[in-house]
Structures are given as C-alpha cells and as structure tokens.
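K.L.:
Below: one structure in structure tokens.
The values are calculated or read from the model by the stated rules, or taken from the named source; none is laboratory data. These numbers come from a predicted model, not from an experiment. Every residue, glycine as well, gets a Cβ built from its backbone with ideal geometry; the counts of neighbours run over all protein chains shown.
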Amino acid sequence: MGILVHSGTILTMHNRKIIRDGAVAIEGRTIVDVGKTRKLKRKYGRSYEKIDAKGKIVMPGLINTHQHAAMSLLRGYADDLPLQEWLEKWIWPAERHMSAHDIYVGSLLTAIESITGGTTTVNTMYHYTFEENEAKAFAEAGLRGVIGHVCFSWRKKEDKEALWNLVKNWHNKANGTIRASVDPHAPYTVDPEYLKELKETRNELNEKHGSKEVPIIWHIHIAETDDEPQKIQKAFKIKLKCGVMAYLDSLGVLDEHVIAAHCVALTDEDIEIIKKRNVKVSHNPVSNLKLASGISPVAQMLKKSIVVSLGTDSPSSNNSADMFETMKIAAILHKGINKNPTLMPAEKILEMATIEGAKALLWDKEIGSIDVGKKADLAIINPKKPHLCPLYNEVSHLVYAAKATDVETVIINGKTIMENRKIMSLNIEKVMREVEKVKSNLLSKLDINVK
Ligand SMILES: [Zn+2]
C-alpha cells in the first residue's frame, strides 16, 4: 500500500515551485506523483494510507552535509576554546577512550536529534569501527546518511582496512539509504603523499563497489582557520606560497567527488579552483562562529555558482544538530558582515539545506526535492503556533522563524520514521539513558570531573 500526503502546501524545491492544496503520492521508497490534492485523491485516495497535511508545510527533508555524529557524546564537554587547543587537549584525548559501542550510541543520539528536527540525510565523518558504528546506528534509526572513515597520516594501515570494510559492508546498503565515503581529516593531518593515495583508494573503491549513480565521495575539512597553510608547512616541512585549495590542486586531488567542509580561509585563487574543479562546499556557520574560526566567503562563492550546502559540524562544536538554526544563522551572518540584507535570501538558504545539499553529496538524482521518481524523504511542519503566526510566506517562516521542534512528521525512503513527533524506529528514553552511561564511563577513564 502506498502513502498519500495530501492537502498541504508542498515546497517541491524544484525550481522553487510551490503547490498549494497539494499532495505527494508514495509507493514503496519512491515518489510516484505530485500535484493538486483533488486530482491525486481521485487517483490514489481509495487504496493509499493517508496523511492529512491540511494547514501544514510539506518539504524535502533537510540535508546536513557536515557532521561527526558520534561526537554528541562530547556535547558541552569542552567549550570556549580555540580549535587546536580544543582538539588536542580535550577532544582527541577523550575520543581515544571511545569504544565501538560508544560511537554507535552517540550516533543513535544524533540520528534521533536529526530526525526530530526534519533532517533526513546526514554526511558524517568519524572513526569506522567494526562491530558497532555510525552506519549501524543510522540504519537502525532509519536515517539516510553518508558514512565516512576519517583518515590520518599516523594510522595508514588501519585506515585502509577500515575503508575497505566500511565500503564492503555499508555502501549502498540498508535499502540504499547508507553510502560510504573516504574522509581524509584535513590537509594538516594528512601528508601530501597520503592525500594522493586516498584519492586513488577512493577511485579503486568506486571501481569495485561504487558506480556513477551511487558514488563513493571524498569528504575533508579544508581551510577551516587562517593559519592552516602554516600548520601544513610545519607538519610536513614543505613551503607553501598559496592558499590551501591551490596546494591541494597542485597535488591533483580535487575533483567533483570532493566535499570540502568549512572553506573559511580562502584566497581568490582558491575560489577559482573550487569552481574549476567542481568541488562542493559545506558551510558550517554555527561551528565556525563558536570556534571563532572566521567567516566563509559564501556570498562570493554563490556568485560563481559554486555548490554551497549547509552543515552543523559536530554536536560538540555547534552544540546541536539543528539545521533550522543553521539556516537562520547562515542567512543573517552573511547579510550582517556584508552589510547587505539582500544577500542570501530565504529561498536560497532553503535550497542550500535541501537540493544543493543533495548535489554536494552527488545524491541529487534521488533526494533533495519533491519530484516524481525521487526517493520519498519528506518533513511535514505544523505552522499553527504563535511564533509562526500569521503566515504570509512559508519559506520565510522556515528560515527565519521555525524551530526544529515544529517538525511534526518525517518520512525517509518512503517509510514514516516520525509521526506527530513520535519516533517509530527507536526508544528515545533508552538511548538517552545509554548516552549518560557512556558519559560516566568516559569521565572515569579520563579521570576528570566536568561539572
Ligand atoms: Zn568537522
């Protein structure tokens, strides 16, 4: 039996088309029809299960293109520190004590937070562990995701094994909702030779387990802070007379399969290279602001029609997985620093969080808009709330006024994962109890006391 979502305002995100009193018909995992309620009810009304969206907004699920899902375990554990000190003194020492089970539990929590906030796809970079891992957590939660294994120069052998295992076990698995990626951590933690090798590895993995339709992408942090060129020079004893993007291009590792998180400290030449190589960008305004990393020249990149998507970054540098908050901050941040309120209008921001996100993950043939033939990933928002009243313009409300908690129902891959704010796939209370247990355990191993 199919599902008919009817009587809602459908924001298709296909050329910004909006259908009032519209309906979406879903069969299995796929959207089979989109149009006016009257017409679709006649066609499917009798046999389909119905979801009444009267007075509600129906949109494609949000796509978060940069996460470290398991790091929800460290939310609020260390704040108000510069990136390097935060990573080296706090985050990495704690992560050394995390077991495969901990990673799985942290990812379950992020999956729940994402789904309840209308996010249906998450691109996550973390350590792939064999028995339990982020992929298993997402698959159990019913969340769509690109799961990466983060690679560092100091553990090349382990990385190789983890990458092949991740791809073999999870790429295009869980009814096609899980894809794998190769994730070099950053140009200052991955040496130039290893970067080239990891591009080769991605190509080999694609030949063996990927395809043009279901590609294995390359997810990396690039130009997060101003001092990144100095960090690269110091780490690998090389001279660098250009921006980080130009350095990576000189290694031949940039192409359309690359999604670059942050892209804060870019030169004009770097931006040209992003455009030329068709590199995709994940903009993470909340994390960049919190870590005081700087502000990405997003308006400049959009002017060049570069694909810029939105990400939250980890729940320990954000400290949430809330894409509504990210949309609003992305919009107002660039207006503010450019002293130009016409920049980054709500329509563009919503595209960045949906269809542009899908393009950034090379997944736009299947997700990112409500179109016949695409997978059914939908979020239904109830605007009958004081903070969303009156309603002139749905897109404006979603970007500037709505909150993650306004999402009522979420469908992923044709399956209702959350209905009237109740998650069907997992027991939220149980996951939260387990997270508290993991936290206590981590603290006892670290021998510190966080109040
Ligand atoms: Zn990150």
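K.L.:
May I ask you to list the residues in the stretch 46-72 that are buried (at least 24 other Cβ atoms within 10 Å of the Cβ) and more than 15 Å from the ligand (Cβ to nearest atom)?
P.N.:
Those that are buried (at least 24 other Cβ atoms within 10 Å of the Cβ) and more than 15 Å from the ligand (Cβ to nearest atom): 53, 57, 58, 59, 60, 61, 62, 63.
K.L.:
Please determine whether any residue of the stretch 173-184 is within 30 Å of residue 366 (Cα to Cα), away from the ligand (no atom under 16 Å from the Cβ) and of a type in the set (Ser, Thr, Tyr).
P.N.:
yes
K.L.:
Can you name every residue in the stretch 251-272 that is crowded, with 22+ Cβ neighbours inside 10 Å and assigned to a helix (DSSP H, G or I)?
P.N.:
Selection gives 270 alone.
K.L.:
Applying the selection to the stretch 187-230, what residues are surrounded by fewer than 24 Cβ atoms within 10 Å (Cβ to Cβ) and hydrophobic (A, V, I, L, M, F, W, C)?
P.N.:
Across the stretch 187-230, the qualifying residues are 195, 198, 205, 214.
K.L.:
Residue 187 fails exactly one of the following numbered conditions: (1) more than 16 Å from the ligand (Cβ to nearest atom); (2) in contact (Cβ under 8 Å) with a residue 12 or more places away in the chain. What is the number of that condition?
P.N.:
Exception for residue 187: condition (1).
K.L.:
Turning to a different aspect of this structure: Looking at 369, 396, 317, can you tell me which residue is among the polar types (S, T, N, Q) and crowded, with 24+ Cβ neighbours inside 10 Å?
P.N.:
Values: 369 fails: crowded, with 24+ Cβ neighbours inside 10 Å; 396 fails: crowded, with 24+ Cβ neighbours inside 10 Å.
On inspection, the qualifying residue turns out to be 317.
K.L.:
Considering the stretch 95-128 alone, what residues qualify as being assigned to a strand (DSSP E or B), under 24 Å from residue 442 (Cα atoms) and away from the ligand (no atom under 16 Å from the Cβ)?
P.N.:
Kept after step one, since they are assigned to a strand (DSSP E or B), are these residues of the stretch 95-128: 119-126.
Imposing the further condition that a residue be under 24 Å from residue 442 (Cα atoms) reduces the set to 124-126.
Scanning the stretch 95-128 gives no hits.
K.L.:
Right, next: State all residues of the stretch 1-43 that are basic (Lys, Arg) and assigned to a strand (DSSP E or B); if no residue qualifies, say none.
P.N.:
Within the stretch 1-43, 20, 36 meet the criteria.
K.L.:
Here's a follow-up. Is it the case that residue 89 is closer than 22 Å to residue 424 by Cα, away from the ligand (no atom under 16 Å from the Cβ), basic (Lys, Arg) and surrounded by fewer than 18 Cβ atoms within 10 Å (Cβ to Cβ)?
P.N.:
The answer is no for residue 89.
K.L.:
Against the definition (within 21 Å of residue 310 (Cα to Cα), more than 16 Å from the ligand (Cβ to nearest atom) and either at pLDDT below 95 or within 22 Å of the chain's Cα centre (by Cα) (or both)), how does residue 240 come out, yes or no?
P.N.:
no
K.L.:
Next question, about the same structure. Enumerate the pairs (first residue in the stretch 23-35 and touching a residue at least 40 places away in the same chain (Cβ under 8 Å); second residue anywhere and surrounded by 17 or more Cβ atoms within 10 Å (Cβ to Cβ) and among the basic types (Lys, Arg)) with beta-carbon separation below 9 Å, excluding pairs fewer than 6 apart on the same chain, so at least 6 apart or on different chains.
P.N.:
29/375; 29/415; 30/374; 30/375; 31/374; 31/375
K.L.:
Residues of the stretch 321-367 being assigned to a loop (DSSP other than H, G, I, E, B), farther than 14 Å from residue 13 by Cβ and of a type in the set (Val, Ile, Thr), which ones?
P.N.:
Once the filter is applied, which keeps residues that are assigned to a loop (DSSP other than H, G, I, E, B), farther than 14 Å from residue 13 by Cβ and of a type in the set (Val, Ile, Thr), the stretch 321-367 yields only 342.
K.L.:
Within the stretch 217-233, track down each residue that is more than 20 Å from residue 268 (Cβ to Cβ) and either assigned to a strand (DSSP E or B) or in contact (Cβ under 8 Å) with a residue 24 or more places away in the chain (or both).
P.N.:
Selection gives 217, 218, 219, 220, 221, 231.
K.L.:
Search the stretch 248-296 for residues being touching a residue at least 40 places away in the same chain (Cβ under 8 Å) and among the β-branched types (Val, Ile, Thr), and hand back the single one that is farthest from the ligand (Cβ to nearest atom).
P.N.:
253
K.L.:
Given 158, 131, which one is among the charged types (D, E, K, R), assigned to a helix (DSSP H, G or I) and over 19 Å from the mean Cα position of the chain (by Cα)?
P.N.:
The match here is 158.
K.L.:
Then there is this: Checking the condition more than 23 Å from residue 351 (Cα to Cα), in contact (Cβ under 8 Å) with a residue 40 or more places away in the chain and within 16 Å of the ligand (Cβ to nearest atom), which residue from 134, 140 passes?
P.N.:
Numbers: 140 fails: within 16 Å of the ligand (Cβ to nearest atom).
After applying the criteria, what remains is 134.
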